[in-house]
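A.B. asks: Sharing a structure here in structure tokens format.
The values are calculated or read from the model by the stated rules, or taken from the named source; none is laboratory data. The shown structure was predicted, so the numbers you read here are calculated from the model rather than taken from an experiment. Here the Cβ positions follow ideal geometry from the backbone for every residue, glycine too, while neighbour counts run over all protein chains shown. Just so you know, the surface numbers come from the protein's heavy atoms only, side chains and all, with ligands and any DNA or RNA stripped out. Shrake-Rupley method; radii C 1.70, N 1.55, O 1.52, S 1.80 Å.
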Amino acid sequence: MWERLQKCDTKSLMKKYVTKDVVEQYKTTITENGRILADLIVSGVECPHSHMGIYLTDPTAYEVFKELFDKVITEYHRVPKVCHPDFNFRDPADKVVAFENLDPDGKMIISTRARTGRNLLGHSFPPITNLEERKEIESKAKNALLSLEGELKGTYYSMENMSEEDQTKMRQDHFLFRNDNPCQRSAGYYLDWPIGRGIFVNENKTFLSWVNEGDHMRIISMQKGGDLAAVFNRLAKGVKLLSEKLQFYHHKDLGFLTNCPSNLGTALRAGVHIRLPNLEKAGTLKDWCDKLKLQPRGVDGEHTESKEGIYDISNKRRLGLTEYEAMMEMKLGVEELMKQEKALAE
Ligand code: ADP
Ligand code: MG
């Protein structure tokens, strides 16, 4: 693996920090589930375009490879040290979440989405989960989701029973996850596909949950337009209700434990699909995003291309700040991007 890593031309954080000394340091280290350093980085070695290149194969991986993860995590989340505040969807004054509509005229923002990730206590992480356990996780998640009522009440669709047509339609509508990402494939995300996978959708198609994708559960709130408050409040409500029914992995310094270190902390990625043709043309979008702690993605998700100048712009940092602060970072950043885009359009 060391030789393959040397040959691998990648800008990933894994390559930066998995040095010869680190390999030496961890050469006899194994996690509770019997994983070694090579297992954590195999996807990063096989997929040079991976940004992180290292996954927490199981919940104990962080403690076991702490010194390595500390470097990766502090750089990605831009924090001086690895620590995380208490879970908090409210502003510091503990008032109701107050976010306005970022684009009341509906000229630039097409849709808004916020998601978080959770993993069920007592189970290994999806890439190393076995078939029986995957089904058990699905059953627990499904029961909790089906108990939701009112606006959140919905239906669970098992991937095993969904037709190809229905899956394609759900992907085109940006609801359903895919199974064609090479980084995820080599990390083991698609083992035993589609068994144990599924999606919960409420009646209005504004509250969703993915089951057994990269994390046991992704909890998602989304709708057309730029109404951040509606999206965020619905997510907060769903997370609160599900947390009353399920127990999730949580670590005092890392927040909610997730498979990918980029999601640790709040696991919150809140963003908009927004038209930014002028920033695209000017070639300055990436630099602006970097400066504003935002992440641009293509319209079909991570590692996809933008179409017609439309980008998925979301908060990049998820650890070291509360849910409220992560959302605020996205809001302020998107407002600035809109200002820049409008200035270029004049
Ligand atoms: P995640 O961080 O949830 O894993 P991905 O980048 O894998 O996100 O994208 C998952 C899906 O969510 C894709 O279909 C993507 O197009 C969709 N998506 C992301 N942001 C938005 C948004 N603001 N509006 C509509 N769909 C979105
Ligand atoms: Mg994803």
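Yes/no matrix, rows are residues, columns are (1) within 11 Å of ligand 1 (Cβ to nearest atom); (2) of a type in the set (Lys, Arg):
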| site | (1), (2) |
| --- | --- |
| LEU254 | no, no |
| LEU257 | no, no |
| ALA270 | yes, no |
| HIS273 | yes, no |
| ASP287 | no, no |
| LYS293 | no, yes |
| GLU305 | no, no |
| GLU308 | no, no |
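A.B. asks: Is it the case that LEU344 is among the aliphatic types (A, V, I, L, M) and either in a strand (DSSP E or B) or open to solvent by 30 Å² or more (accessible area, probe 1.4 Å) (or both)?
C.D. replies: Yes: the conditions hold for LEU344.
A.B. asks: Could you tell me which numbered condition GLU138 fails, if it satisfies all but one of (1) open to solvent by 10 Å² or more (accessible area, probe 1.4 Å); (2) part of a helix (DSSP H, G or I); (3) within 16 Å of ligand 1 (Cβ to nearest atom)?
C.D. replies: Here GLU138 meets the rest and fails (3).
A.B. asks: Just name the residue that is farthest from ligand 1 (Cβ to nearest atom) out of those in the range 110-122 that are open to solvent by 10 Å² or more (accessible area, probe 1.4 Å) and in contact with a His (Cβ under 7 Å, 6 or more places away or on another chain).
C.D. replies: Checked the range 110-122; the qualifying residue farthest from ligand 1 (Cβ to nearest atom) is ILE110.
A.B. asks: Any idea which of (1) at pLDDT 95 or above; (2) open to solvent by less than 20 Å² (accessible area, probe 1.4 Å); (3) more than 23 Å from HIS123 (Cβ to Cβ) is the one GLN25 doesn't satisfy?
C.D. replies: (2)
A.B. asks: Under 6 Å between Cβ atoms, which residue pairs at least 6 apart in sequence (or on different chains) link something in the range 147-176 that is more than 22 Å from ALA114 (Cα to Cα) and in contact (Cβ under 8 Å) with a residue 40 or more places away in the chain with a partner that is open to solvent by 70 Å² or more (accessible area, probe 1.4 Å) and of a type in the set (Val, Ile, Thr)?
C.D. replies: Once the first residue is more than 22 Å from ALA114 (Cα to Cα) and in contact (Cβ under 8 Å) with a residue 40 or more places away in the chain and sits in the range 147-176, no partner that is open to solvent by 70 Å² or more (accessible area, probe 1.4 Å) and of a type in the set (Val, Ile, Thr) comes close enough.
A.B. asks: Same structure again: Considering only residues of the range 298-315 that are charged (D, E, K, R) and open to solvent by 40 Å² or more (accessible area, probe 1.4 Å), which is nearest to CYS83 (Cα to Cα)?
C.D. replies: GLU302
A.B. asks: While we're looking at this one, here's another question. May I ask you to verify whether GLN295 is surrounded by 17 or more Cβ atoms within 10 Å (Cβ to Cβ), at pLDDT 95 or above, in a strand (DSSP E or B) and out of contact with any Phe, Trp or Tyr (no Cβ under 8 Å at 6 or more places or on another chain)? Quick ask: steps written out before the conclusion?
C.D. replies: Numbers: surrounded by 17 or more Cβ atoms within 10 Å (Cβ to Cβ): yes; at pLDDT 95 or above: yes; in a strand (DSSP E or B): yes; out of contact with any Phe, Trp or Tyr (no Cβ under 8 Å at 6 or more places or on another chain): yes.
Spelling it out, GLN295 is indeed surrounded by 17 or more Cβ atoms within 10 Å (Cβ to Cβ), at pLDDT 95 or above, in a strand (DSSP E or B) and out of contact with any Phe, Trp or Tyr (no Cβ under 8 Å at 6 or more places or on another chain).
A.B. asks: So, one more: Specify the residue that is nearest to ligand 2 (Cβ to nearest atom); the eligible residues are those in the range 206-240 that are among the basic types (Lys, Arg) and surrounded by fewer than 21 Cβ atoms within 10 Å (Cβ to Cβ).
C.D. replies: LYS224
A.B. asks: Looking at (1) closer than 23 Å to LEU332 by Cβ; (2) not in a loop (DSSP other than H, G, I, E, B); (3) not basic (Lys, Arg), find the lone condition where PRO80 falls short.
C.D. replies: Of everything listed in (1) closer than 23 Å to LEU332 by Cβ; (2) not in a loop (DSSP other than H, G, I, E, B); (3) not basic (Lys, Arg), PRO80 misses just condition (2).
A.B. asks: Residues being more than 17 Å from the chain's Cα centre (by Cα), in a helix (DSSP H, G or I) and surrounded by 21 or more Cβ atoms within 10 Å (Cβ to Cβ): count how many of those fall in the range 62-73.
C.D. replies: 3
A.B. asks: Tell me which residues, restricted to the range 4-61, are assigned to a loop (DSSP other than H, G, I, E, B), closer than 20 Å to LEU191 by Cα, among the hydrophobic types (A, V, I, L, M, F, W, C) and touching a residue at least 24 places away in the same chain (Cβ under 8 Å).
C.D. replies: CYS47, ILE54, LEU56, listed by residue number.
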